[in-house]
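The structure appears right after this line, and notes come after that.
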Amino acid sequence: MRERKKIQAMLSIEERERRIQVCNLALKHFLPDLKGISLRYHRGMRVAWATKDLTLREEKMWVTRGNDFFPLWHRQLGCGGTACHALASLVFWCRGQPTLSVSTWRCWAGARYGLCSEVVADILEAGGFPKVAKCVLCGIELLKGHDWWSLDEVKGPCCHGHEGCRQRVS
């Protein structure tokens, strides 16, 4: 069995803070039911939001179990699975981990999902969010649909399940 290493770019503190600012700007146009949702870094990535009645402010550290994509507390967030995937992609990008591409955000902004407006994708693209996702297993650019690989501490987009490198390593 081939040894796999965790893929994560070492970001400077300034670059991480810049990415967090870009994401917080995008979050103002995303998940409108979650008032004041924001990301910040304090001994790890944290997500903060106000409750629906605006009486409490929640803040949770982004912690996942094993190879899970969602944080342990995702049900407390009050949004669906696609919105949680989108939020996870922002957290991964702020950490320097492989993430989905801007084209995925454009898809989520379309009529089929209606998750956010095109403004969110424009903000992320202008802020340097990846234009193209790369397979975490073989490194090729993923131009069309892709899967998500999560095994042995390696997480990120990968070749589609029925073709490409995933069939060789599964």
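General observations
- Taken as a whole, the condition of being modelled with pLDDT of 85 or more and either aliphatic (A, V, I, L, M) or under 19 Å from residue 24 (Cα atoms) (or both) applies to residue 86.
- For region 72-93, taking the residues that are out of contact with any strand residue (DSSP E or B) (no Cβ under 7 Å at 6 or more places or on another chain) and assigned to a loop (DSSP other than H, G, I, E, B), the one that is surrounded by the most Cβ atoms within 10 Å (Cβ to Cβ) is identified as 79.
- Scanning region 103-117 for residues that are free of Cβ contacts under 8 Å to residues at least 60 places away in the same chain, surrounded by fewer than 20 Cβ atoms within 10 Å (Cβ to Cβ) and of a type in the set (A, V, I, L, M, F, W, C) gives 107, 111.
- Looking only at region 94-114, residues that are part of a loop (DSSP other than H, G, I, E, B), more than 14 Å from the chain's Cα centre (by Cα) and closer than 21 Å to residue 21 by Cα come to 0 in all.
- Check on residue 75, out of contact with any helix residue (DSSP H, G or I) (no Cβ under 9 Å at 6 or more places or on another chain), at pLDDT below 90 and assigned by TED's automatic domain parsing to the domain that holds residue 24: yes
- Candidate set: region 118-135, residues that are part of a helix (DSSP H, G or I) and of a type in the set (Val, Ile, Thr); chosen: the one surrounded by the fewest Cβ atoms within 10 Å (Cβ to Cβ): 119
- Test result for residue 120, farther than 23 Å from residue 46 by Cβ and in contact (Cβ under 8 Å) with a residue 24 or more places away in the chain: no
- Region 1-27, residues that are modelled with pLDDT under 85 and touching a Gly at 6+ places or on another chain (Cβ under 9 Å): 7, 8, 9, 10
The values are calculated or read from the model by the stated rules, or taken from the named source; none is laboratory data. The structure presented is a predicted model; accordingly, all values stated were derived computationally and were not measured. Neighbour counts run over all protein chains shown; Cβ positions are idealised from the backbone, glycine included.
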